[in-house]
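Heads up, the thing below is written out as C-alpha coordinates.
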Amino acid sequence: IARSPDRWNNLLTLGKGSEDGVEVNMAVITPAGLIGKIQNVQPFSSTVQLVSDLDRTNRISVYVQDDEDVFGVIDGYDAEKQALQFSNITIDVEVEEGGTVVTSGLGGIFPKNLIVGEIIEVKNDKYGLTQSALVKPAADLYDIRNALIVKRTSEVILPLEEEEDER
(Lines give C-alpha, C1' and ligand atoms only; values in the text may rest on other atoms or scores of the structure.)
Protein backbone atom coordinates (compact mmCIF):
# COMPACT_ATOMS: atom_id res chain seq x y z
CA ILE A 1 0.00 0.00 0.00
CA ALA A 2 3.00 2.34 0.33
CA ARG A 3 6.63 2.76 -0.61
CA SER A 4 8.92 5.56 0.48
CA PRO A 5 10.90 7.14 -2.40
CA ASP A 6 13.96 7.72 -0.21
CA ARG A 7 14.13 4.04 0.75
CA TRP A 8 12.78 2.57 -2.51
CA ASN A 9 15.18 -0.41 -2.54
CA ASN A 10 14.78 -1.16 1.15
CA LEU A 11 11.21 -1.14 2.42
CA LEU A 12 7.58 -1.31 1.38
CA THR A 13 4.33 -1.43 3.31
CA LEU A 14 1.63 -4.08 2.92
CA GLY A 15 -2.02 -3.71 3.87
CA LYS A 16 -2.04 -6.77 6.15
CA GLY A 17 -0.97 -6.82 9.78
CA SER A 18 -1.18 -8.67 13.08
CA GLU A 19 -5.00 -8.74 12.87
CA ASP A 20 -4.53 -10.88 9.75
CA GLY A 21 -2.00 -13.22 11.38
CA VAL A 22 1.14 -11.53 10.02
CA GLU A 23 4.24 -11.93 12.19
CA VAL A 24 7.79 -10.56 12.12
CA ASN A 25 10.22 -12.53 9.90
CA MET A 26 7.58 -14.12 7.67
CA ALA A 27 8.84 -14.48 4.08
CA VAL A 28 7.27 -12.29 1.40
CA ILE A 29 7.13 -13.39 -2.25
CA THR A 30 5.57 -12.43 -5.55
CA PRO A 31 4.50 -15.04 -8.10
CA ALA A 32 7.99 -14.66 -9.61
CA GLY A 33 10.04 -15.16 -6.44
CA LEU A 34 11.28 -13.96 -3.05
CA ILE A 35 11.23 -10.21 -2.35
CA GLY A 36 11.94 -10.02 1.40
CA LYS A 37 10.70 -10.59 4.92
CA ILE A 38 8.36 -8.88 7.36
CA GLN A 39 10.37 -6.42 9.47
CA ASN A 40 7.64 -4.68 11.52
CA VAL A 41 3.99 -5.47 12.15
CA GLN A 42 1.16 -3.16 13.12
CA PRO A 43 -2.48 -4.21 13.57
CA PHE A 44 -3.51 -3.41 9.98
CA SER A 45 -0.24 -3.10 8.06
CA SER A 46 3.29 -4.47 7.97
CA THR A 47 6.68 -3.35 6.69
CA VAL A 48 8.69 -5.56 4.34
CA GLN A 49 12.49 -5.45 4.30
CA LEU A 50 13.40 -6.19 0.69
CA VAL A 51 16.24 -8.55 -0.24
CA SER A 52 17.94 -5.51 -1.80
CA ASP A 53 18.19 -3.70 1.56
CA LEU A 54 21.84 -3.00 2.40
CA ASP A 55 21.39 -3.71 6.14
CA ARG A 56 24.27 -6.03 7.07
CA THR A 57 21.89 -8.27 9.03
CA ASN A 58 19.81 -8.88 5.90
CA ARG A 59 21.19 -12.32 5.01
CA ILE A 60 19.53 -15.29 3.36
CA SER A 61 20.82 -18.86 3.44
CA VAL A 62 20.51 -20.20 -0.12
CA TYR A 63 21.69 -22.93 -2.45
CA VAL A 64 22.00 -23.57 -6.17
CA GLN A 65 19.85 -26.42 -7.40
CA ASP A 66 22.19 -28.69 -9.36
CA ASP A 67 23.39 -32.29 -9.43
CA GLU A 68 25.23 -31.41 -6.23
CA ASP A 69 23.61 -28.63 -4.18
CA VAL A 70 25.91 -25.64 -3.65
CA PHE A 71 25.22 -23.68 -0.46
CA GLY A 72 26.04 -20.06 0.35
CA VAL A 73 24.58 -16.79 1.64
CA ILE A 74 22.92 -13.79 0.02
CA ASP A 75 24.56 -10.97 1.96
CA GLY A 76 24.38 -7.83 -0.12
CA TYR A 77 23.09 -6.02 -3.16
CA ASP A 78 24.99 -4.50 -6.09
CA ALA A 79 22.84 -1.48 -7.04
CA GLU A 80 24.84 -0.81 -10.21
CA LYS A 81 24.24 -4.31 -11.59
CA GLN A 82 20.87 -4.69 -9.81
CA ALA A 83 21.94 -8.08 -8.51
CA LEU A 84 22.16 -9.84 -5.16
CA GLN A 85 25.57 -10.87 -3.84
CA PHE A 86 25.85 -14.63 -3.24
CA SER A 87 28.97 -15.39 -1.18
CA ASN A 88 30.69 -18.07 0.91
CA ILE A 89 30.61 -20.60 -1.92
CA THR A 90 33.34 -23.20 -1.42
CA ILE A 91 36.11 -23.03 -4.01
CA ASP A 92 36.02 -26.76 -4.85
CA VAL A 93 32.54 -26.77 -6.44
CA GLU A 94 31.65 -25.64 -9.92
CA VAL A 95 29.00 -22.94 -10.07
CA GLU A 96 27.72 -21.99 -13.51
CA GLU A 97 25.90 -18.95 -14.83
CA GLY A 98 22.22 -19.62 -15.35
CA GLY A 99 21.86 -21.71 -12.18
CA THR A 100 18.70 -21.24 -10.12
CA VAL A 101 19.22 -19.97 -6.57
CA VAL A 102 16.60 -20.88 -3.95
CA THR A 103 16.28 -20.53 -0.18
CA SER A 104 17.84 -23.39 1.78
CA GLY A 105 15.42 -23.47 4.70
CA LEU A 106 18.37 -23.06 7.07
CA GLY A 107 18.40 -20.14 9.47
CA GLY A 108 14.81 -20.45 10.64
CA ILE A 109 13.24 -17.60 8.66
CA PHE A 110 12.74 -18.51 5.02
CA PRO A 111 11.07 -21.80 4.08
CA LYS A 112 13.03 -24.09 1.77
CA ASN A 113 12.91 -23.77 -2.02
CA LEU A 114 11.55 -20.24 -2.49
CA ILE A 115 13.01 -18.97 -5.77
CA VAL A 116 15.52 -16.14 -5.28
CA GLY A 117 16.94 -15.71 -8.78
CA GLU A 118 19.43 -16.76 -11.44
CA ILE A 119 23.24 -16.61 -11.37
CA ILE A 120 24.57 -14.06 -13.86
CA GLU A 121 28.25 -13.94 -12.88
CA VAL A 122 30.71 -16.09 -10.88
CA LYS A 123 34.16 -15.09 -9.60
CA ASN A 124 36.78 -16.17 -7.06
CA ASP A 125 37.45 -13.98 -4.04
CA LYS A 126 40.72 -12.04 -3.96
CA TYR A 127 42.45 -14.73 -1.87
CA GLY A 128 41.23 -17.70 -3.92
CA LEU A 129 39.60 -19.36 -0.90
CA THR A 130 35.92 -18.99 -1.81
CA GLN A 131 33.75 -17.99 -4.74
CA SER A 132 31.03 -15.41 -5.03
CA ALA A 133 28.32 -14.84 -7.58
CA LEU A 134 25.84 -12.21 -8.64
CA VAL A 135 22.21 -13.27 -8.71
CA LYS A 136 19.56 -11.50 -10.77
CA PRO A 137 16.42 -11.51 -8.58
CA ALA A 138 13.56 -13.53 -10.06
CA ALA A 139 11.06 -10.93 -8.84
CA ASP A 140 11.06 -7.35 -10.10
CA LEU A 141 12.04 -5.45 -6.94
CA TYR A 142 11.21 -2.11 -8.52
CA ASP A 143 7.62 -2.78 -9.61
CA ILE A 144 5.82 -4.83 -6.97
CA ARG A 145 2.05 -4.89 -7.35
CA ASN A 146 1.07 -8.05 -5.53
CA ALA A 147 2.81 -9.84 -2.68
CA LEU A 148 2.17 -13.02 -0.74
CA ILE A 149 3.16 -13.51 2.89
CA VAL A 150 4.43 -17.03 3.54
CA LYS A 151 3.90 -18.67 6.91
CA ARG A 152 6.76 -20.95 7.88
CA THR A 153 5.65 -24.14 9.56
CA SER A 154 7.92 -26.56 11.29
CA GLU A 155 7.55 -30.25 10.73
CA VAL A 156 7.36 -32.48 13.75
CA ILE A 157 8.37 -36.07 13.22
CA LEU A 158 6.83 -38.37 15.77
CA PRO A 159 8.42 -41.73 16.51
CA LEU A 160 6.53 -44.79 15.39
CA GLU A 161 4.67 -46.45 18.20
CA GLU A 162 5.93 -49.91 18.95
CA GLU A 163 3.35 -52.64 18.67
CA GLU A 164 2.64 -54.33 21.95
CA ASP A 165 3.08 -58.07 22.17
CA GLU A 166 -0.21 -59.88 22.59
CA ARG A 167 0.19 -62.64 25.11
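The values are calculated or read from the model by the stated rules, or taken from the named source; none is laboratory data. This structure is a prediction, so every number in the text was calculated from the model and none was measured. Positions of Cβ are generated from backbone atoms using ideal geometry, with glycine treated the same way; all protein chains shown enter the neighbour counts. In case anyone asks, the SASA skips ligands and DNA or RNA and just uses the protein heavy atoms, side chains included. Shrake-Rupley method; radii C 1.70, N 1.55, O 1.52, S 1.80 Å.
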- prompt: For the range 132-148, does any single residue satisfy the condition of being among the hydroxyl-bearing types (Ser, Thr, Tyr), in contact with a Phe, Trp or Tyr (Cβ under 8 Å, 6 or more places away or on another chain) and at pLDDT 85 or above?
  reply: yes
- request: Residues being open to solvent by 50 Å² or more (accessible area, probe 1.4 Å) and assigned to a strand (DSSP E or B): count how many of those fall in the range 103-135.
  value: 6
message: Quick check on my filter: what residues within the range 30-54 are surrounded by 21 or more Cβ atoms within 10 Å (Cβ to Cβ) and over 25 Å from residue 19 (Cβ atoms)?
response: 33, 51, 52
query: Considering only the range 3-45, how many residues are part of a strand (DSSP E or B), over 20 Å from residue 112 (Cβ atoms) and free of Cβ contacts under 8 Å to residues at least 40 places away in the same chain?
result: 4
task: Please go through the range 55-86 and pick out each residue that is open to solvent by less than 20 Å² (accessible area, probe 1.4 Å) and among the polar types (S, T, N, Q).
output: 58
